[in-house]
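Q: Before anything else, here's the structure in question.
Read-outs throughout are calculated quantities, based only on the coordinates presented, and are distinct from any laboratory measurement. Note that the coordinates shown come from a computational prediction; the quantities given were computed from them, not determined experimentally. All Cβ positions, even for glycine, are placed from backbone atoms using ideal geometry, and neighbour counts span all protein chains on display.
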Amino acid sequence: MDNGMISQIEKARLYAEEPERVTFRSLEIHFDGDNDAYHITLAQEGWRCSCQGFETHRICPHIMALERLLRPMLPLPPLPYAPGQNVVSDVEKASRYAQESDRIHVRAFEATVRGLNSDHEVGYGDGNWHCDSDSFRRRGVSSHTIAMERLLGGMFRVKDEPAA
């Protein structure tokens, strides 16, 4: 391992320790709920979830769990509770889901990572990473992609894993 790669790993550690350096612009998630699998997206317009609770209340435990896990990296404030929503049950379920991150599979995202010297655009989709940094262009990996892997833990979908 050369000094350049060691430097990338050190920067990645620093970035992962400061998740507020990351801002998601878009996010696509497969979420294994208790009763079914759901498709969740975050875009400029806000959150969407394919579950009935979201269709009814515009908030659900799946999104609430993601807001807990990803809060410092989200561009939007948490969604408010809705009239008629079973808040106690949804909060309990969201709390449990946030502790069971193996239910969450990141399929794609686009984010900005504020680096030490400049901002960089980082993304993931179809099992592939991309980043606009010179180090990524040279090596196919960068401190930004390594940091995102650390921040999102085991939530990445493997290329040949079936999609829902």
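Q: When the residues of region 31-56 are narrowed to those that are in contact (Cβ under 8 Å) with a residue 24 or more places away in the chain and crowded, with 19+ Cβ neighbours inside 10 Å, which ends up farthest from residue 124 (Cα to Cα)?
A: Residue satisfying both the conditions and the ranking: 53.
Q: Out of curiosity, is residue 102 touching a residue at least 12 places away in the same chain (Cβ under 8 Å), farther than 23 Å from residue 148 by Cα and touching a Gly at 6+ places or on another chain (Cβ under 8 Å)?
A: So residue 102 fails the test.
Q: Further question: For region 107-123, which residues satisfy the criterion of being touching a His at 6+ places or on another chain (Cβ under 8 Å) and under 24 Å from residue 60 (Cβ atoms)?
A: 107 - this is the single residue of region 107-123 that is touching a His at 6+ places or on another chain (Cβ under 8 Å) and under 24 Å from residue 60 (Cβ atoms).
Q: Does region 1-30 hold any residues that are in contact with a strand residue (DSSP E or B) (Cβ under 8 Å, 6 or more places away or on another chain) and either loosely packed, with under 14 Cβ neighbours inside 10 Å or not acidic (Asp, Glu) (or both), and which are they?
A: 15, 21, 22, 23, 24, 25, 26, 27, 29, 30
Q: Sticking with this structure for a sec: May I ask you to list the residues in region 52-72 that are more than 22 Å from residue 149 (Cα to Cα) and not in a loop (DSSP other than H, G, I, E, B)?
A: 52, 53, 54, 55, 56, 57, 61
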